[in-house]
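Asks: I have a structure I would like to understand better, so I am pasting it below and will then ask my questions one at a time.
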Amino acid sequence: DKDIFDNFIKMHKKSTGKKSNYMSGAVEDFYRSLYDQEDWFIYYLSFEGSMISSAFVYESEIVDYLYNSCRDHNLDEYNTGTYLNDQLLQNSLNNSKKYFDFLKGDEKYKFDFGGQVHQLYDLKIKV
């Protein structure tokens with residue numbers, strides 16, 4: 001739904017730290033192109049009609065991939081991102097997924113949920 005996507009983008013643009021400048025117009029267009037395809041979803045928590053935490057997720061038959069997420073930093077004390085990630089993991093388990101992939105990054109929360117680093121590919125190029 002367009003409103004959900006727009007709210008995700010709006011919240012993401014309010015991010016702090018490394019994410020603060022990430023959501024450029026080109027990146028937003030890229031996300032929109034993904035969201036318009038099958039198996040891409042935005043899961044979110046809302047409070048009093050406002051999105052307070054959201055996750056951009058790709059779901060395959062056997063794995064769920066957390067592509068990106070954001071939260072309302074005014075509510076950090078309530079750990080809305082942690083709660084949403086917990087719900088996503090439970091959803092994966094309930095749907096008999098083989099695993100939940102947090103993808104790249106070394107954010108602490110990924111390891112708090114039991115995430116492990118996996119080397120996917122080594123590429124050697126001779127020129």
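The values are calculated or read from the model by the stated rules, or taken from the named source; none is laboratory data. Small disclaimer: the values here were computed from a predicted structure and weren't measured. Cβ placement follows ideal geometry from the backbone for every residue including glycine, while neighbour counts extend to all protein chains displayed. Just so you know, the surface numbers come from the protein's heavy atoms only, side chains and all, with ligands and any DNA or RNA stripped out. Shrake-Rupley method; radii C 1.70, N 1.55, O 1.52, S 1.80 Å.
Asks: Quick one: 3J(HN,Hα) in Hz for the range 10-16, Karplus 6.51/-1.76/1.60 with θ = phi - 60°, rounded, Gly and Pro as x.
Replies: 4, 5, 4, 5, 8, 4, 10
Asks: Right, another one. Not counting ligands, DNA or RNA, and with a 1.4 Å probe, what is residue 27's accessible surface area in Å² rounded to the nearest 10?
Replies: 30 Å²
Asks: Follow-up question, since we're still on this one. Looking at the range 1-51, which GluC sites (Glu not before Pro) are in a loop (DSSP not H, G, I, E or B) and have at most 11 other Cβ atoms within 10 Å?
Replies: Listed in order of number, the matching sites are 38, 48.
Asks: Can you sort 12, 73 by 1.4 Å-probe accessible area, starting with the largest?
Replies: Of 12, 73, the descending order of accessible area is 73, 12.
Asks: At 1.4 Å probe size, what's the solvent-accessible area of residue 67? Round to the nearest 10 Å².
Replies: Accessible surface of residue 67 is approximately 80 Å².
Asks: Let me ask another. Please give me, ordered by residue number, the trypsin sites (Lys or Arg not before Pro) of the range 6-103 that lie in loop per DSSP and have at most 15 other Cβ atoms within 10 Å.
Replies: Here the trypsin sites (Lys or Arg not before Pro) that fit, given the DSSP loop and packing criteria, are 14, 98.
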